[in-house]
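The values are calculated or read from the model by the stated rules, or taken from the named source; none is laboratory data. No experiment lies behind these values; they were computed from the predicted model shown. Every residue, glycine among them, receives a Cβ derived from its backbone with ideal geometry; neighbour counts consider all protein chains shown.
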Amino acid sequence: MIEEPIRWNPVAAFVRRRVLSVAPIAGSVEWIELLDDDPAKLSGLIVAGSWWALETELAQRDQREWALKQTALDVAAQQDWSAVAKRLRDRDEFYESHPHLRRKAA
C-alpha cells in the first residue's frame with residue numbers, strides 16, 4: 001500500500017476543470033475504438049485516475065480506522081475493569097455518605 005496519504009478532492013477538482021464531457025470508461029470497447037489523439041480517450045484515462053485516487057483514499061481511511069480500533073481494543077484489554085468498577089462504586093458510596101464533600105462548580 002502507498003505510504004503517502006492520497007487525497008481525492010484535489011484530483012476531483014482537476015478532473016472537473018479538464019474533462020468537459022462524459023468520458024468513455026478507460027479500457028472499454030468504446031474507449032479502445034477511439035483514435036489515440038481523440039481528447040475523449042485522454043479524458044477516460046483522467047477519470048480512471050480519479051477513481052484510483054478515490055479508492056486509494058478510502059482504503060487508507062479504512063486502514064487508519066482499523067488501526068485505531070485495534071489500538072483501542074488492545075488498551076481496553078489491558079485495563080482491569082473490575083478494579084475500575086470497584087473504584088467507581090467506592091466513589092459513589094463515599095459521596096452518597098458525604099454529599100457535602102462533593103465538588104461544586106464555582
Worksheet item: If you check every pair at least six apart or on different chains, which have Cβ atoms under 8 Å apart with a residue in segment 1-26 that is within 29 Å of residue 64 (Cβ to Cβ) and touching a residue at least 40 places away in the same chain (Cβ under 8 Å) first and a residue that is part of a helix (DSSP H, G or I) and among the charged types (D, E, K, R) second?
Response: 5/57; 6/57; 7/57; 8/57
Item to complete: Evaluate the following for residue 93: is it under 30 Å from the mean Cα position of the chain (by Cα) and of a type in the set (D, E, K, R)?
Response: no
Worksheet entry | Out of 76, 72, 59, sole residue that is of a type in the set (A, V, I, L, M, F, W, C) and within 23 Å of residue 15 (Cβ to Cβ) | 59
Worksheet item: Residues in segment 34-49: is at least one out of contact with any Asp or Glu (no Cβ under 7 Å at 6 or more places or on another chain), assigned to a loop (DSSP other than H, G, I, E, B), β-branched (Val, Ile, Thr) and without any contact (Cβ under 8 Å) to a residue 40 or more places away in the chain?
Response: no
Worksheet entry | Scope segment 10-26; condition aliphatic (A, V, I, L, M) and either modelled with pLDDT under 90 or outside any helix (DSSP H, G or I) (or both); matching residues | 19, 20, 22, 23, 25, 26
Worksheet item: Is segment 50-70 home to any residue that is loosely packed, with under 11 Cβ neighbours inside 10 Å and under 20 Å from residue 21 (Cβ atoms)?
Response: no
Practice prompt. For segment 1-47, enumerate the residues that are among the hydroxyl-bearing types (Ser, Thr, Tyr), over 28 Å from the mean Cα position of the chain (by Cα) and surrounded by 13 or more Cβ atoms within 10 Å (Cβ to Cβ).
Written response: none
